[in-house]
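K.L.:
Before we start, here is the structure in question, set down as structure tokens.
The values are calculated or read from the model by the stated rules, or taken from the named source; none is laboratory data. Please read these numbers as outputs of a predicted model, since none were measured by experiment. Every residue, glycine as well, gets a Cβ built from its backbone with ideal geometry; the counts of neighbours run over all protein chains shown. Note: areas computed on protein heavy atoms with side chains; ligands, DNA, RNA excluded. Shrake-Rupley method; radii C 1.70, N 1.55, O 1.52, S 1.80 Å.
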Amino acid sequence: MTTQYFCCSQCYKKSSISLRLFETLYGFSKVSTKNCPACGGVQELHVSLDFQLGVGDGDFKVVHAFLPEKLESWLGEEEEEVTFYPFLVVLEGVGHKQFNWMPYWHMVGSDARFGQHSLCLDRTQFESLVAQAQERTFAAV
């Protein structure tokens with residue numbers, strides 16, 4: 001189960017979020033700062049994640065949330081438009097260690113369906129994969 005909340009970086013007041021995680025990350029990808037209603041400080045988005053098996057569980061600050069510049073869409077079953085929303089979310093955990101979380105949703109009509117097999121890699125693993133992909137891509141050209 002994923003929980004989400006804002007925490008002020010100055011007064012540390014927490015405020016819960018009533019939106020679905022998809023809506024929160026989508027909004028955060030567009031506007032990453034929000035001011036605290038109590039003191040005017042910057043509110044930070046936090047998510048508490050449970051990845052199963054105990055790896056990567058915990059409370060994380062969302063540093064960035066990205067979406068591709070162009071989203072892919074197609075006609076699905078019953079001729080409904082399906083749009084794929086693959087996020088890249090940079091998380092910061094204990095000791096400022098950063099992780100790259102890649103949740104995704106399929107939007108079918110107005111229903112966002114979560115990608116159950118999203119990845120969460122520490123920054124070193126993620127950068128290694130990206131470097132390998134870039135190396136192979138440039139070598140093929």
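K.L.:
Of the residues 67, 21, 53, 75, which single one is modelled with pLDDT of 90 or more, out of contact with any helix residue (DSSP H, G or I) (no Cβ under 7 Å at 6 or more places or on another chain) and within 24 Å of residue 121 (Cβ to Cβ)? Walk me through it before giving the result.
P.N.:
Details: 67 fails: out of contact with any helix residue (DSSP H, G or I) (no Cβ under 7 Å at 6 or more places or on another chain); 53 fails: modelled with pLDDT of 90 or more; 75 fails: within 24 Å of residue 121 (Cβ to Cβ).
Criteria check complete, one pass: 21.
K.L.:
Which residue pairs have Cβ atoms under 9 Å apart, sit 6 or more places apart or on different chains, and have a first residue in the stretch 1-24 that is more than 20 Å from residue 67 (Cβ to Cβ) and outside any strand (DSSP E or B) and a second that is modelled with pLDDT of 95 or more and acidic (Asp, Glu)?
P.N.:
9/44
K.L.:
Taking residue 84 and the conditions (1) in a strand (DSSP E or B); (2) touching a residue at least 24 places away in the same chain (Cβ under 8 Å), which numbered condition does it fall short on, given that it satisfies the others?
P.N.:
Of (1) in a strand (DSSP E or B); (2) touching a residue at least 24 places away in the same chain (Cβ under 8 Å), only one is false for residue 84: (2).
K.L.:
Looking at the structure I just gave you, is residue 27 surrounded by 11 or more Cβ atoms within 10 Å (Cβ to Cβ) and either more than 14 Å from the chain's Cα centre (by Cα) or among the β-branched types (Val, Ile, Thr) (or both)?
P.N.:
On the way: surrounded by 11 or more Cβ atoms within 10 Å (Cβ to Cβ): yes; either more than 14 Å from the chain's Cα centre (by Cα) or among the β-branched types (Val, Ile, Thr) (or both): no.
Criteria not met by residue 27.
K.L.:
Looking only at the stretch 25-40, filter to residues that are hydroxyl-bearing (Ser, Thr, Tyr) and assigned to a loop (DSSP other than H, G, I, E, B); which one of those is farthest from residue 105 (Cα to Cα)?
P.N.:
Of everything passing the filter in the stretch 25-40, 33 is farthest from residue 105 (Cα to Cα).
K.L.:
Further question: Do we find a residue being within 16 Å of residue 64 (Cβ to Cβ) and touching a Leu at 6+ places or on another chain (Cβ under 7 Å) anywhere in the stretch 121-130? Steps first, answer last, please.
P.N.:
Taking the stretch 121-130 first, the residues within 16 Å of residue 64 (Cβ to Cβ) are 121-123, 126-127, 130.
Adding the requirement that they be touching a Leu at 6+ places or on another chain (Cβ under 7 Å) leaves none.
The answer is no, given that none of the residues of the stretch 121-130 is within 16 Å of residue 64 (Cβ to Cβ) and touching a Leu at 6+ places or on another chain (Cβ under 7 Å).
K.L.:
Which one of 99, 138 is out of contact with any Gly (no Cβ under 6 Å at 6 or more places or on another chain), in a strand (DSSP E or B) and more than 17 Å from residue 24 (Cα to Cα)? Write out each step before concluding.
P.N.:
Working: 138 fails: in a strand (DSSP E or B).
Exactly one of 99, 138 is out of contact with any Gly (no Cβ under 6 Å at 6 or more places or on another chain), in a strand (DSSP E or B) and more than 17 Å from residue 24 (Cα to Cα), namely 99.
K.L.:
Among (1) at pLDDT below 95; (2) touching a helix residue (DSSP H, G or I) at 6+ places or on another chain (Cβ under 9 Å), which single condition is residue 45 missing?
P.N.:
(1)
K.L.:
Could you say whether any residue in the stretch 56-67 is without any contact (Cβ under 8 Å) to a residue 24 or more places away in the chain, open to solvent by 30 Å² or more (accessible area, probe 1.4 Å) and not acidic (Asp, Glu)?
P.N.:
Scanning the stretch 56-67 turns up no residue that is without any contact (Cβ under 8 Å) to a residue 24 or more places away in the chain, open to solvent by 30 Å² or more (accessible area, probe 1.4 Å) and not acidic (Asp, Glu).
K.L.:
Follow-up question, since we're still on this one. Keeping to the stretch 30-41, report how many residues are closer than 19 Å to residue 64 by Cα and open to solvent by 60 Å² or more (accessible area, probe 1.4 Å).
P.N.:
First, the residues of the stretch 30-41 that are closer than 19 Å to residue 64 by Cα: 30-36, 41.
Restricting the remaining residues to those that are open to solvent by 60 Å² or more (accessible area, probe 1.4 Å) gives 30-35.
So the answer is 6.
K.L.:
Is there a residue in the stretch 29-36 that is among the aliphatic types (A, V, I, L, M) and either farther than 26 Å from residue 122 by Cα or in contact with a strand residue (DSSP E or B) (Cβ under 9 Å, 6 or more places away or on another chain) (or both)?
P.N.:
If we filter the stretch 29-36 for residues that are among the aliphatic types (A, V, I, L, M), which is where we start, we get 31.
Pick out the ones that are also either farther than 26 Å from residue 122 by Cα or in contact with a strand residue (DSSP E or B) (Cβ under 9 Å, 6 or more places away or on another chain) (or both) and you get none.
No: the stretch 29-36 contains no residue that is among the aliphatic types (A, V, I, L, M) and either farther than 26 Å from residue 122 by Cα or in contact with a strand residue (DSSP E or B) (Cβ under 9 Å, 6 or more places away or on another chain) (or both).
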